[in-house]
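Novice: Take a look at this one; I'll ask things after.
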Amino acid sequence: MELLFVCEGNTCRSAMAEKIAQALALEAGLENVHARSAGLAAFPGDGAKPEAVHVCSTHGLDLSEHRSQALTTDMAEAADHIYTMTLLQAAQLRAILPRQAAKIQPLSPAGEIADPRRPEDYDSVYEQLETALGVRLAEWKQEKEK
């Protein structure tokens with residue numbers, strides 16, 4: 001199963017979601033789950049935000065080698081599921097990639113995982129991502145059982 005997480009710059013939310021998703025899938029014993037991330041307005045090669053690296057490290061995840069990448073059509077076509085951080089990003093992606101629209105949805109059932117603006121916001125974003133990914137993990141397990 002190929003998962004793709006998308007945000008704006010691919011330096012915090014989607015990068016964190018990629019790492020968390022991969023860790024949760026491994027913990028759950030889901031084999032052949034691969035997570036990637038990209039940004040709608042990414043500057044390719046940028047590192048993850050230091051705050052994102054720090055919060056991930058406190059949870060045992062290494063984000064230090066992450067490099068941002070811009071979303072490509074090939075990435076979208078290869079993905080089984082494409083998760084965005086906001087409702088607006090999902091709508092934008094559906095407009096840009098209409099053939100992939102059925103597999104595009106916000107990561108959080110609540111719809112929004114806001115971009116962290118202050119260093120203290122990163123812990124909350126991590127928790128929101130982990131909670132949303134827990135919901136998605138249950139869906140992935142069901143999908144694997146089919």
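Novice: Quick one: in region 110-131, of everything that is free of Cβ contacts under 8 Å to residues at least 40 places away in the same chain and not acidic (D, E), which residue is surrounded by the most Cβ atoms within 10 Å (Cβ to Cβ)?
Specialist: The extreme case among them is Q128.
Novice: While we're looking at this one, here's another question. Hey, which of the strands (runs of 3 or more DSSP E) in region 1-101, taking only ones fully inside, have at least 1 residues that are open to solvent by 40 Å² or more (accessible area, probe 1.4 Å)? Spell out the reasoning first.
Specialist: Values: elements: 2-7, 34-39, 81-84.
The strands (runs of 3 or more DSSP E) meeting that bar are 2-7, 34-39.
Novice: From L61, L93, which residue is farther than 18 Å from C12 by Cβ and within 16 Å of the chain's Cα centre (by Cα)? If you could, list the steps in order and put the result at the bottom.
Specialist: On the way: L61 fails: farther than 18 Å from C12 by Cβ.
Residue meeting the stated conditions: L93.
The values are calculated or read from the model by the stated rules, or taken from the named source; none is laboratory data. In this text the structure is predicted, and so the values were computed from the model without any measurement. Note that we place each Cβ from the backbone using ideal geometry, even for glycine, and neighbour counts take in every protein chain shown. Note: accessible area is taken over every heavy atom of the protein model, side chains too, but ligands, DNA and RNA are not part of it. Shrake-Rupley method; radii C 1.70, N 1.55, O 1.52, S 1.80 Å.
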